[in-house]
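Heads up, the thing below is written out as structure tokens.
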Amino acid sequence: MINESSVPELARRYGLTQLTAQYVLDLRARLTEEHPDDADAQEKAFLEAVRSGWAQGEPWAQEWAEAAVKQGRA
């Protein structure tokens, strides 16, 4: 789970563009609202969004997945 609260911190820590970092933080915030108090559901929904985005060729998802592999989180 991502604990960073700022776009620059997330971008720096994972080697992301500012745009991808913002998208990921916004997505995480939305999923937290949709699944309050259920971290497992939040994580499952996030991973599904990444998989779906990757399959559709969305740059943010591809960038996130590549960063996750580099970080050993995939």
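The values are calculated or read from the model by the stated rules, or taken from the named source; none is laboratory data. No experiment lies behind these values; they were computed from the predicted model shown. All Cβ positions, glycine included, derive from the backbone under ideal geometry; neighbour counts span all protein chains shown. The accessibility values were calculated without ligands, DNA or RNA, using every heavy atom of the protein model including side chains. Shrake-Rupley method; radii C 1.70, N 1.55, O 1.52, S 1.80 Å.
Odds and ends about this structure:
- Carbon plus sulfur fraction of accessible area for the chain, probe 1.4 Å, in percent: 51
- Of the listed residues L19, L25, L47, the order by accessible area with a 1.4 Å probe, largest first, is L19, L47, L25.
- Taking packing as the residue-averaged number of other Cβ atoms within 10 angstrom, the listed peptides 31-44, 53-66 run from highest to lowest as 53-66, 31-44.
- Applying 0.36 nm per residue to the separation of R13 and V69 and subtracting their alpha-carbon distance, the gain on full extension is 18.8 nm.
- For a label point 7 Å along the Cα-to-beta-carbon line of Q22, residues of region 46-74 with backbone N under 16 Å: 59-61
- Placing dummy labels 7 Å off each Cα toward the beta-carbon, the span from S52 to R30 is 0.9 nm.
- Span-like helix check, the chain: qualifying full DSSP H segments, with Cα axial length of 20 Å or more and mean Kyte-Doolittle of -0.5 or more, are 18-34, 39-55.
- Placing one equal scatterer on every Cα of the chain and applying the Debye formula, the log10 ratio I(q)/I(0) at q = 0.26 Å⁻¹ is -1.36.
- The residues of the chain expose on average 66 square angstrom of accessible surface per residue, using a 1.4 Å probe on protein heavy atoms.
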